[in-house]
Amino acid sequence: AQSVTQPDIHITVSEGASLELRCNYSYGATPYLFWYVQSPGQGLQLLLKYFSGDTLVQGIKGFEAEFKRSQSSFNLRKPSVHWSDAAEYFCAVEDGSNYQLIWGAGTKLIIKP
Amino acid sequence: NAGVTQTPKFRVLKTGQSMTLLCAQDMNHEYMYWYRQDPGMGLRLIHYSVGEGTTAKGEVPDGYNVSRLKKQNFLLGLESAAPSQTSVYFCASRLDANTEAFFGQGTRLTVV
């Protein structure tokens, strides 16, 4: 069965520092992958997605993610974080057989001033 | 551009009461989902629908029922609320498989 692992429950970074959030998936074929962000008290918003082609995908708010098939990873990056990036981030993979998205448990990003 | 709208946004129920959460989408999406989100547990799928008139169980369906009588609406019912159902509930919709999901703003439900 497909699964998604986000190994970091919390990550704290200083404002202006770079960020990398990890996501590993288990999937037999080429996956469809997503990153979502959830601000406090809000629903989830799509940051970016990977379906095929260029393995480095650009998203909104200055985020990017790189698909690495050999490592079964889809890590999210941002060169310089802003205080407004404080939120919870979720990685998801398409379940090709079951009409669902398989979700990671989320990583809460805390920004130090 | 309403997108996905959930009503109500907040609700407090007494144990044993019933209620229905409404999810409406105006994007002509085929797939709709109900999730619950609890601290430290991410999103857990309750029920989903892949088209008008169809529903299916997700990961945590017990204590909930759903209906999709109209394509744009997906209702989540609690017949006899329990404190364990205190949670934030999210509805999401997708055009079809392999597309992104759009989320509502959530319903915060407290069962006392």
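Going through the range B:5-47, which trypsin sites (Lys or Arg not before Pro) have at most 15 other Cβ atoms within 10 Å and a DSSP loop state?
On the way: sites: B:9, B:11, B:14, B:36, B:44; in loops: B:9, B:14.
Counting only loop positions with at most 15 other Cβ atoms within 10 Å, the trypsin sites (Lys or Arg not before Pro) in the range B:5-47 are B:9, B:14.
Extension gain, residue B:14-residue B:80: 0.36 nm per intervening residue step, less the Cα-Cα distance, totals 22.8 nm.
The residues of the range B:1-68 expose, per residue, 51 Å² of accessible area to a 1.4 Å probe.
The mean sequence separation of alpha-carbon pairs under 8 Å and at least six residues apart, normalised by the residue count of chain B, gives a relative contact order of 36 percent.
In whole Å and largest first, what semi-axes does the C-alpha gyration tensor of chain A yield when each eigenvalue is scaled by 5 and square-rooted?
Details: eigenvalues 110, 43, 29 Å².
Equivalent-ellipsoid dimensions as semi-axes: 23, 15, 12 Å.
If you average the C-alpha positions of the range B:84-104 and of the range B:22-42 separately, how far apart do those two centres end up, in angstrom? Spelled out, the Cα-based centre of one part sits 2 Å from the other.
Note on residue A:14 and residue B:108: with the Förster distance fixed at 35 Å, the Cβ-Cβ geometry gives a FRET efficiency of about 0.65.
Note on chain B: with a GNM built from Cα contacts shorter than 10 Å, the maximum mean-square fluctuation among B:42, B:63, B:51 falls on B:42.
Each Cα pair under 8 Å and six or more residues apart adds its separation to the average, and for chain A the resulting relative contact order is 37 percent.
Taking label positions 7 Å along the Cα-Cβ direction at both residue B:26 and residue B:56, the computed distance is 3.0 nm, reported to one decimal. Could you let me know the centre-to-centre spacing of the range A:27-46 and the range A:1-19, using Cα atoms, in angstrom? Taking the Cα centre of the range A:1-19 as reference, the centre of the range A:27-46 is 13 Å away. Approximating the spin labels as points 7 Å out from Cα along Cα→Cβ, the residue A:45-to-residue B:7 distance works out to 2.5 nm. Across the range B:29-40, rounded Karplus estimates of 3J(HN,Hα) from the backbone phi angles (6.51 cos²θ - 1.76 cosθ + 1.60, θ = phi - 60°) give 7, 7, 9, 9, 9, 10, 10, 10, 10, 10, x, x Hz, Gly and Pro being marked x.
In order along the range A:66-77, phi translates into HN-Hα couplings of 10, 8, 10, 4, 5, 9, 6, 10, 8, 7, 9, 9 Hz, rounded to whole numbers, per the Karplus curve 6.51 cos²θ - 1.76 cosθ + 1.60 with θ = phi - 60° and x for Gly and Pro. What is the protein assembly as shown by shape, rounded, prolate or oblate, if you read a ≥ b ≥ c off the alpha carbon gyration tensor as root eigenvalues and call it rounded for a/c under 1.5, prolate for a/b larger than b/c, and oblate otherwise? Because a/c hits 1.5 or more and a/b exceeds b/c, the protein assembly as shown counts as prolate.
On the beta carbon distance between residue B:70 and residue B:41, with R0 = 30 Å, the FRET formula returns roughly 0.45.
Give the average, rounded to an integer, of partner chain Cβ atoms located within 10 angstrom of each Cβ in A:92-102. Walk me through the numbers before you get to the answer.
Details: counts 4, 0, 4, 1, 2, 1, 6, 11, 11, 11, 2.
Taking the mean over all residues of the peptide, I get 5.
Taken over the C-alpha atoms, the range B:1-94 has Rg and Dmax values of 12.7, 37 angstrom. Residue by residue, the range B:58-70 carries 3J(HN,Hα) couplings of x, 6, 10, x, 5, x, 10, 9, 9, 8, 9, 6, 10 Hz when phi is fed to the Karplus relation 6.51 cos²θ - 1.76 cosθ + 1.60 (θ = phi - 60°); x denotes Gly or Pro. Per residue of B:102-109, other chain Cβ atoms within 10 Å of the residue Cβ number 3 on average.
Of all lysines in the structure, the ones whose alpha carbon falls short of 21 Å from that of residue A:61, not counting any fewer than 8 places away in one chain, are A:49, A:78, A:108, A:112.
The values are calculated or read from the model by the stated rules, or taken from the named source; none is laboratory data. Worth saying up front: this structure is predicted, and the values here are computed from it rather than measured. Note that we place each Cβ from the backbone using ideal geometry, even for glycine, and neighbour counts take in every protein chain shown. Heads up: the accessible areas ignore ligands, DNA and RNA and are worked out on the full protein's heavy atoms, side chains in. Shrake-Rupley method; radii C 1.70, N 1.55, O 1.52, S 1.80 Å.
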